[in-house]
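Asks: Input: one structure, supplied below.
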């Protein structure tokens with residue numbers, strides 16, 4: 001049996017929703033970063049799926065490569081920020097770091 | 001115009017004293033401190049004596065020429081060349097200025113020497129001599145100038161030096177104000193002189209021959225014949241204007257008032273400036289411009305009467321003065337009146353002759369009075385003197401000789417010069433017996449007040465206090481030698497002008513004749529010998545002088561005739577009038593000084609009430625406009641700015657609550673936004 005385009009999209013949507021849920025509910029900054037990774041990867045699944053079942057070009061795959069690279073850079077910067085937050089506040093609970101509140 | 005001799009040494013006659021003045025005037029205080037007063041003496045006296053030597057040389061060079069070629073010119077550079085106005089910086093010596101430079105440098109040199117003794121204890125020694133040298137320079141420029149403008153430079157220069165020297169002891173208010181008075185009164189005269197010069201130049205330019213050079217003017221003066229200005233002939237108008245200048249410098253009515261006050265200066269200054277040289281500048285100027293004066297009988301009449309009245313007026317004031325220098329001052333005014341009288345009757349040579357003899361005897365008298373003041377320790381009141389001949393033989397004898405000269409006693413020089421003027425006043429075509437009468441009366445008064453002075457000062461008992469008597473002494477030789485030289489000159493100078501009626505040849509008149517006939521106009525009337533009349537007049541003037549001397553002797557020496565006989569005359573009114581100098585100073589004060597003050601106050605009131613009102617009004621208007629502007633700024637401009645700021649602040653206050661600092665919160669909002677966008681898109 002062949003897995004059609006919809007199967008990929010359903011998986012992608014589940015991953016996206018899980019990532020979103022993680023981002024919205026986690027109070028741990030690293031948890032939020034992990035949620036963001038999930039969201040990015042759900043987008044990657046979409047790119048690949050549309051590339052496979054779409055027009056037959058490699059555009060989607062190339063975009064997916066870019067997204068992976070960007071996710072790596074984003075993770076580096078994000079973790080650095082989290083490290084900085086920890087050094088300043090001695091915690092990485094985002095609810096506790098609200099000094100920018102208006 | 002061709003018969004002149006170009007030379008290049010004349011410039012040194014005025015320049016040498018100028019060099020002396022600069023050396024003593026600029027670093028003088030250092031010279032005096034480092035090398036003493038002797039150095040100042042050497043710097044001051046040497047140039048004048050050298051200038052005298054050059055003057056003598058120039059004089060002899062003149063003598064060696066044909067009479068019509070006697071004109072030395074030293075052209076240095078073109079001073080002004082503007083349009084048709086040309087003036088050269090050039091010095092000229094002819095018969096007239098030749099005599100003048102000898103008087104200025106000769107008498108001036110003697111007075112310089114005398115001053116080294118008289119001013120010995122003065123602190124500002126250098127300043128005195130620098131000014132004296134500067135004066136000598138200015139006077140020489142005045143007499144040697146070859147054109148009217150350069151003459152005017154000297155004319156102003158001597159006025160300036162006179163001012164500075166009258167106020168030499170400026171620490172006293174009276175001295176300083178006397179200097180200012182001399183300067184201001186002279187300024188009135190200078191104004192007239194300048195107008196005369198302008199008018200002459202203007203008229204000559206109008207006639208196609210613009211020039212202000214004396215020689216050129218003299219040759220072409222006929223061009224102004226028949227021209228009129230403001231309805232008066234130019235010759236008359238210009239002469240009267242020039243004469244206004246002469247009344248200022250030569251102290252004639254009505255501008256004589258500064259000269260008696262000028263006695264506030266040191267006595268050598270009175271001798272040099274206010275007796276021998278500067279005050280004769282007016283007379284010299286009339287002589288220099290004789291060609292134009294001769295064209296205007298009206299002007300000559302004015303000049304003659306002014307001179308005669310001044311002679312009489314000043315002599316009468318001199319009768320009652322008690323200050324030794326003040327008597328001499330009025331005597332100077334009176335003698336200047338004689339000179340001007342001589343000029344006014346066309347007897348220019350006689351006027352210049354009297355100028356010369358007067359320079360000798362009046363300088364001697366002033367220096368003698370200086371010697372007396374020196375001995376008396378500064379006392380000038382003759383009532384506190386007396387019997388001084390015992391202590392001061394040189395001063396006494398020289399003073400006496402000069403007094404004989406001024407009184408017109410033969411054979412002293414004053415007799416010849418004064419008698420020549422009186423005779424011309426009687427016999428010349430411009431003269432009249434009335435003029436002679438006035439001069440004659442003044443001659444009698446002159447003899448009286450001069451001998452009154454001699455008797456009060458040198459004869460009788462000494463009225464000085466004990467302390468002063470103990471210190472009485474003859475002055476040092478540097479002061480007495482000049483007196484002796486001047487007295488000798490006062491005695492013998494007359495031989496130059498012995499009239500033909502007394503067996504002489506009146507050499508000075510022949511010597512000066514080329515100058516005074518240059519214009520070819522109104523050639524001096526050769527007074528025919530009056531024979532018996534001339535002798536009678538001569539005897540009369542000697543007689544009246546003798547009478548004056550005799551009266552003075554009776555009143556002040558023998559005391560057999562009390563002066564009160566005259567002072568009580570007509571209730572004492574005439575005496576009080578002359579004692580108070582006819583109240584002329586008071587009159588001038590009341591009319592001119594106060595008049596000026598009234599005008600000044602009116603101007604001040606105008607300034608205060610009109611000008612200040614306008615200015616204040618403008619200030620009020622400006623203040624009001626500013627106030628309105630301020631309101632506009634405060635309420636409109638600031639209001640707009642503040643409202644903008646308020647709005648921004650209010651918005652900011654409300655929107656700040658959106659920033660919660662909670663990252664999850666932000667993300668909810670983002671998701672909510674995305675959902676919203678999707679919903680909108682789908683619907």
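Taken together, the values in this text are just the output of simple stated rules run on the coordinates, not laboratory data. Bear in mind that the values here come from a model prediction, so they are computed numbers and not experimental data. All Cβ positions, glycine included, derive from the backbone under ideal geometry; neighbour counts span all protein chains shown.
Asks: Averaged across B:658-671, how many Cβ atoms of other chains sit within 10 Å of each residue's Cβ atom?
Replies: Partner Cβ neighbours, averaged per residue: 5.
Asks: DSSP beta bridges in the protein assembly as shown, what fraction antiparallel, as a percent rounded to 5?
Replies: Expressed as a percentage, antiparallel bridges in the protein assembly as shown total about 90.
Asks: Can you give the translational diffusion coefficient of the stretch B:196-275 in µm²/s, computed by Stokes-Einstein from the Kirkwood radius over Cα pairs at 4 °C and 1.567 mPa s? All intermediate terms of the calculation are to be shown ahead of the outcome.
Replies: Working: Rh = 14.6 Å.
It diffuses with D of about 89 µm²/s by this estimate.
Asks: Quantify how strongly other chains surround peptide B:160-167 by giving the mean number of their Cβ atoms within 10 Å of each of its Cβ atoms.
Replies: Across B:160-167, the average partner-chain Cβ count within 10 Å equals 0.
Asks: Measure off 7 Å from each Cα along the Cα-to-Cβ vector at residue B:173 and residue A:99, then give the distance between these two points in nanometres to one decimal.
Replies: So the two model labels end up 8.4 nm from each other.
Asks: Right, another one. Put a dot 7 Å past each Cα toward the Cβ at residue B:628 and residue B:609; how far apart are the dots in nm?
Replies: Each label point lies 7 Å from its Cα, and together they span 3.1 nm.
Asks: Sticking with the crude label model, points 7 Å out along Cα→Cβ, report the distance from residue B:390 to residue B:589 in nm, one decimal please.
Replies: 4.0 nm
Asks: A follow-up question, please. If you take the Cα atoms of the stretch B:356-420, find Rg, then find the Kirkwood Rh from the mean of 1/r over all pairs, what is Rg/Rh?
Replies: 1.04
Asks: Going highest first, how would you order B:109-115, B:96-102 by mean Cβ packing within 10 Å?
Replies: The most tightly packed comes first, giving B:109-115, B:96-102.
Asks: What is the diffusion coefficient of the stretch B:583-656 in µm²/s, taking the Kirkwood radius over Cα pairs and the Stokes-Einstein relation at 25 °C with a viscosity of 0.890 mPa s?
Replies: Numbers: Rh = 17.8 Å.
The Stokes-Einstein estimate is 138 µm²/s.
Asks: Moving to a separate point now. State, to one decimal in nm², a quarter of the convex hull surface area for the C-alpha atoms of the protein assembly as shown, i.e. the direction-averaged projected area.
Replies: Averaged projected hull area, Cα only: 69.6 nm².
Asks: Given the Cα-Cα distance of residue B:557 and residue B:533 and 0.36 nm per residue of separation, how much length would full extension add, in nm? Provide the component values of the computation, followed by the final result.
Replies: Values: separation 24, 0.36 × 24 = 8.64 nm, distance 3.47 nm.
Between residue B:557 and residue B:533, full extension yields an extra 5.2 nm.
Asks: Okay, moving on. Based on the alpha-carbon gyration tensor of the stretch A:5-89 and its eigenvalue square roots a ≥ b ≥ c, which shape applies: rounded if a/c is under 1.5, prolate if not and a/b is larger than b/c, or oblate?
Replies: Oblate shape, in that a/c is at least 1.5 and b/c is the bigger or equal ratio.
Asks: What percent does the relative contact order of the stretch B:205-344 come to when contacts are Cα pairs within less than 8 Å and at least six residues apart? Walk me through the intermediate numbers first.
Replies: Working: 174 pairs, mean separation 36.7, N = 140.
Computed value for the stretch B:205-344: 26 percent relative contact order.
Asks: Fewest to most neighbouring Cβ within 10 Å: what's the order for A:57, A:42?
Replies: Numbers: A:57 9, A:42 20.
Starting with the residue having the fewest Cβ neighbours, the order is A:57, A:42.
Asks: Exposure proxy check: B:187, B:127 ranked by fewest other beta carbons within 10 Å?
Replies: Ascending Cβ contact count within 10 Å gives the list B:187, B:127.
Asks: Kindly give Rg over Rh for the stretch B:442-504, based on alpha-carbon atoms, with the Kirkwood expression for the hydrodynamic radius.
Replies: Checking Rg against Rh, the ratio lands at 1.14.
Asks: Treat the count of other C-beta atoms within 10 Å as a stand-in for reagent exposure and order B:48, B:197, B:680 from fewest to most.
Replies: B:680, B:197, B:48
Asks: Right, next: Return the calculated 222 nm mean residue ellipticity for chain A, to the nearest 500 deg cm²/dmol, obtained by summing -39500 (n - 2.57) across DSSP H runs with n ≥ 4 and dividing by the residue count.
Replies: One gets -27000 deg cm²/dmol as the mean residue ellipticity at 222 nm.
Asks: Can you figure out the FRET efficiency of residue B:546 with residue B:7, using R₀ = 35 Å and their beta-carbon distance, to the nearest 0.05? Spell out each step's value before the answer.
Replies: Working: r = 48 Å, r/R0 = 1.38.
Result of the calculation: an efficiency of 0.15.
Asks: Inside 10 Å of the C-beta atoms of A:29-35, what's the mean count of C-beta atoms belonging to other chains?
Replies: 1
Asks: Let me have the relative contact order for chain B, percent, based on Cα pairs under 8 Å that are six or more residues apart.
Replies: Answer for chain B is 11 percent.
Asks: Using the Kirkwood radius over Cα pairs, work out the Stokes-Einstein diffusion coefficient for the stretch B:65-104 at 10 °C and 1.306 mPa s, in µm²/s as a whole number. Working shown, then result.
Replies: Values: Rh = 11.7 Å.
Stokes-Einstein gives a translational diffusion coefficient of 136 µm²/s.
Asks: Just to confirm my numbers, what's the Cα centroid distance between the stretch B:44-95 and the stretch B:209-273 in Å?
Replies: That distance is 22 Å.
Asks: Next question. Just from its helices, what would the mean residue ellipticity at 222 nm be for chain B, if runs of 4 or more DSSP H residues each count -39500 (n - 2.57) and the sum is divided by every residue, rounded to the nearest 500 deg cm²/dmol?
Replies: Values: 29 runs with 457 residues, N = 683.
When only DSSP H runs of four or more count, the value is -22000 deg cm²/dmol.
Asks: Taking N as the number of residues in chain B, what is its Cα Rg relative to 2.2 N^0.38 Å?
Replies: Details: Rg = 37.1 Å, N = 683, 2.2 N^0.38 = 26.3 Å.
My calculation over the Cα atoms of chain B gives 1.41.
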